[in-house]
Each structure stands twice: as structure tokens, then as C-alpha cells.
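Here's the structure, in C-alpha cells; my notes come after.
The values are calculated or read from the model by the stated rules, or taken from the named source; none is laboratory data. Please read these numbers as outputs of a predicted model, since none were measured by experiment. Using ideal geometry, Cβ is built from the backbone for each residue, glycine included, and neighbour counts are taken over all protein chains shown. What goes into the accessible areas is simple: the full protein's heavy atoms, side chains included, and nothing from ligands, DNA or RNA. Shrake-Rupley method; radii C 1.70, N 1.55, O 1.52, S 1.80 Å.
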Amino acid sequence: MNHAEIPWRLHRFASLPSTNDVALAAIEQGTGAVGDVYLATQQTAGRGRRGRRWVAGPGALLLSAILPTQQPAEGASLAAGIAVAEAIRALGFPARLKWPNDVYLAGRKLGGILVESRGRGNLIVVGIGLNVNNVVQGAPEAPNAISLAEAGGRPVDGEALRQRVLAELGRVWPVWVASGFAPLRPRWNALDAACGRWVRVGESLEGLAVGVDESGALLVRLPSGEIRCARAGEVTYV
Ligand code: BT5
């Protein structure tokens, strides 16, 4: 499969509870297929991971794409992150990635990825939330957020960004489906915001972040020199 084979079909909505929920429901009901993209101007129940909220006003990019998956689906969220960060960088903003699913700009959170699946095992939903022209600085729900317009001091062409994001996703995804995360690892590591920083992962793991392995697990070097893998958990800078 090459990117030309992902037939993007856009479904635009003024307001939805969550674009991910609509995409997951479409898979379950058999109405959604590879290439269906659900876009909303606003979400009333936007979600992050572990029940956290995603809050973004008009001007944000909020979309969920139905894509093919492979098993195990490890590294899927990281693969999507590469596509998003590279799309933003193509517009001149030096976006970086924070494991496992955050897009960062200037030390602040610009966006997040939420990959989910349910029902039909060969399909997966890639949810992308990006602060583009929405106002986020000072928002109590997102204390460390930034938007592209805030970073650049002027509005950004949101439609051009949306096209770039889907184009990059269409190039990255077939690589991940065919070969898993391993061939994408160097690209992720080149965008890694945490590499070389002292981090804490979850409750107990603390050390120097040194990139990700071929499955997308975070590598942390302990003071003893031993390298540990983290497959889940929140990363905080110490
Ligand atoms: C994420 O979760 O970062 C994934 C967010 C995915 C959102 C998209 S929007 C389209 C699709 N439909 C959905 O319903 N979801 C997806 P997580 O790593 O759990 O981060 C959530 C945390 O980010 C929150 O607890 C806030 O602290 C922060 N946050 C919320 N809104 C934000 C915003 N607009 N910008 C930056 N940070 C935000």
C-alpha cells in the first residue's frame, strides 16, 4: 500500500462530543472504513488518555481518522506523532514530540494523539488534537498549552495544515502497517523533546531519557548505567 491508496474522505461537523467516539462508532456499525476522517470545529466531550479532557475552542484542528492496523499495534501513537510533527515543521514551526503522544512547541503542549480501537480488529482510530488558531494560553484546563497562532504571532492557514497532516499520515502509516515501528524509530528519535533530559516515568523509574527502542518503548538510563524500557506511564521532567 502506498499513500495514494488511502482514500481520505472528510466528514465535517460544527460540533461533536468527540471525533474519536464518532469514528469508533462508525467502525462498530460498519459504516466507517479506511480513509474516513471525522472533523469537528468544536467538541463537547473531547478526550485525552485515561479519562482526561481535551479542551479546545474554535480554530483548533480536531480530527479522527480510520486507518488499517497491524498486530501488535505497538508504536501506533508514536507513528502518528511523527506525521503530525513533520507536518507542523513543514510550515516552519520547530515542533517536537514527548513520549508517548504529545506534540510540543517551545516547551509547551501544542497537541496530542489518541489512538484507540474497538470491535473490528483490523481498523484503528487515530485522533489528533492540535492548537492552531485557538486561544489556549491562560486556559485553566491546559496550563502549559500553546497554539501555532500564539507562537507565531499571527493566524495560520488551518486548511493547509490539515492537508499536510493527512498527507504525512498517509505516508507514515503504510510504513508502520507493513513493518511496525522499527523503520520509523530514527525519525521519532530525531524529534524527541525529552532525549538527554532527566525524567521520571510513573512512580518509580527515574533517569536520563535516551530515546525509544524499536517497539516504541521509552529508554531510560539509570544512574547505575543500566537501561530500562518503559511501555506505559506519564513522563515528567525532573
Ligand atoms: C492527549 O491526551 O494529549 C490526547 C488528546 C487527543 C485529542 C484529540 S481531539 C480529536 C480526537 N477526539 C477526541 O476526543 N480526542 C482526540 P493526554 O496525554 O491524556 O493529555 C490530556 C491533557 O492535556 C489534559 O489533562 C490537559 O492537561 C491537557 N490539555 C487539554 N486540552 C489541551 C489543549 N487544547 N492543549 C494542550 N493541552 C491540553
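When the trypsin sites (Lys or Arg not before Pro) in the stretch 40-99 are filtered for DSSP coil states and for at most 10 other beta-carbon atoms within 10 Å of their beta-carbon, the remaining sites are ARG50.
Kindly sort ARG221, ARG162 by accessible area of their heavy atoms, largest first, with the probe set to 1.4 Å.
Working: ARG221 100, ARG162 25 Å².
From most exposed to least exposed: ARG221, ARG162.
Between GLU203 and ASN122, the C-beta separation translates, for a Förster distance of 30 Å, into a calculated FRET efficiency of about 0.25. Taking a ≥ b ≥ c as the square roots of the eigenvalues of the Cα gyration tensor, the stretch 1-106 is classed as rounded, since a/c falls below 1.5. Ligands, DNA and RNA left out, the 1.4 Å accessible surface of the stretch 1-146 is 52% carbon and sulfur atoms.
How much accessible area per residue does the chain have, counting only protein heavy atoms and a probe of 1.4 Å, in square angstrom?
Values: 10580 Å² over 238 residues.
Computed with neighbouring chains in place, this is 44 Å² per residue.
Let me check something: with ligands and nucleic acids excluded, how do ASP36, ASP157, ASP213 order by accessible area (1.4 Å probe), largest to smallest?
Numbers: ASP36 10, ASP157 95, ASP213 30 Å².
I get ASP157, ASP213, ASP36, largest accessible area first.
DSSP assigns beta bridges within the stretch 6-111; of those with both partners inside it, close to 60 percent run antiparallel. For the chain, the spread of Cα coordinates along the three principal axes comes to 52, 41, 32 Å, biggest extent given first.
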